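Chemist: Quick one: the structure is below, and I'll ask about it shortly.
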Amino acid sequence: MDKNEDVNNLLVVADYLVKKSVWIIGGDGWAYDIGYGGLDHVLASGKNINVLVLDTEVYSNTGGQTSKATPLSAVAKFSFGGKPTGKKDLGLMAMSYGTVYVASVALGAKDDHTLKAFLEAEAYDGPSIIIAYSHCIAHGINMEKPLEHQKAAVDSGQWLLYRYNPERAQLKQNPLILDSRPPKMPVEEYMNMENRFKMLLKSKPESAKLFYKMAQENVENRFKFYQYLANRTFDGVSQ
């Protein structure tokens with residue numbers, strides 16, 4: 001310790017003089033499902049805290065069970081016939097508060113977008129949540145080339161890239177920026193790259209065809225909906 005008493009007193013409180021960056025990191029099973037109540041409480045608190053959701057779209061750590069993050073038609077434990085319902089839109093639910101920074105990212109599709117989202121979330125003085133596409137061995141993919149699947153998910157529209165920044169509203173700008181372009185790959189082509197979807201074609205081909213058709217419709221409708229939200233007039237200002 002320094003002999004100077006003032007220096008020693010400063011050392012005691014030095015940690016409180018530096019802005020702290022607080023991040024909560026968890027998977028989709030926690031964020032979408034069993035821990036959603038706690039997550040919702042954090043987002044509603046207004047506190048300057050950041051949340052990163054590593055979204056594998058399945059309960060990865062407990063054996064690959066279906067979760068609310070599991071997409072339509074995916075095969076997992078408890079949905080061996082393909083999941084008959086769509087994925088919960090956690091990002092849209094968080095946006096409904098209007099005071100939470102929200103971003104959906106996929107590193108393999110657009111790394112600069114991912115970096116931008118993290119910088120904006122960190123800079124935002126309030127709660128933020130980043131939902132990150134996270135590849136998983138349970139997807140039935142070649143884990144040596146996972147980023148190709150992330151890119152295909154975005155190209156097909158199965159995974160959207162966007163940022164919702166409440167600070168833009170203070171500037172009379174639409175808070176939502178849709179960073180995804182219109183889908184340019186059929187959803188079926190993306191799904192056939194991953195065994196979690198493709199295996200249904202072997203076990204229940206008729207169900208698979210129906211689910212693929214539903215998935216394509218869902219993708220198109222969801223993109224149009226987000227496009228509408230991102231282009232809407234905000235406080236008299238046309239986007």
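The values are calculated or read from the model by the stated rules, or taken from the named source; none is laboratory data. The structure displayed is predicted, hence computed values, not measured ones. Please note: Cβ atoms are built from the backbone with ideal geometry, for glycine as well, and neighbour counts cover all protein chains shown.
Chemist: Looking only at residues that are hydrophobic (A, V, I, L, M, F, W, C) and in a loop (DSSP other than H, G, I, E, B) in the range 48-78, which one is modelled with the lowest pLDDT?
Modeler: Phe78
Chemist: Let me ask something additional. With the requirement that a residue be more than 19 Å from Asn174 (Cα to Cα), part of a loop (DSSP other than H, G, I, E, B) and out of contact with any helix residue (DSSP H, G or I) (no Cβ under 7 Å at 6 or more places or on another chain), what does the range 79-108 give you?
Modeler: Those that are more than 19 Å from Asn174 (Cα to Cα), part of a loop (DSSP other than H, G, I, E, B) and out of contact with any helix residue (DSSP H, G or I) (no Cβ under 7 Å at 6 or more places or on another chain): Phe80, Lys83, Pro84, Thr85, Lys87, Asp89.
Chemist: Restricting attention to the range 36-75, which residues are touching a strand residue (DSSP E or B) at 6+ places or on another chain (Cβ under 8 Å), closer than 30 Å to Lys20 by Cβ and of a type in the set (Gly, Ala, Ser)?
Modeler: Across the range 36-75, the qualifying residues are Ser60, Ala69.
Chemist: Give me a count of the residues in the range 142-178 that are part of a helix (DSSP H, G or I) and more than 14 Å from the chain's Cα centre (by Cα).
Modeler: Going through the range 142-178 one residue at a time, the tally reaches 11.
Chemist: Moving on. Within the range 38-46, can one find any residue that is part of a loop (DSSP other than H, G, I, E, B), touching an Asp or Glu at 6+ places or on another chain (Cβ under 8 Å) and modelled with pLDDT of 90 or more?
Modeler: No, the range 38-46 contains no residue that is part of a loop (DSSP other than H, G, I, E, B), touching an Asp or Glu at 6+ places or on another chain (Cβ under 8 Å) and modelled with pLDDT of 90 or more.
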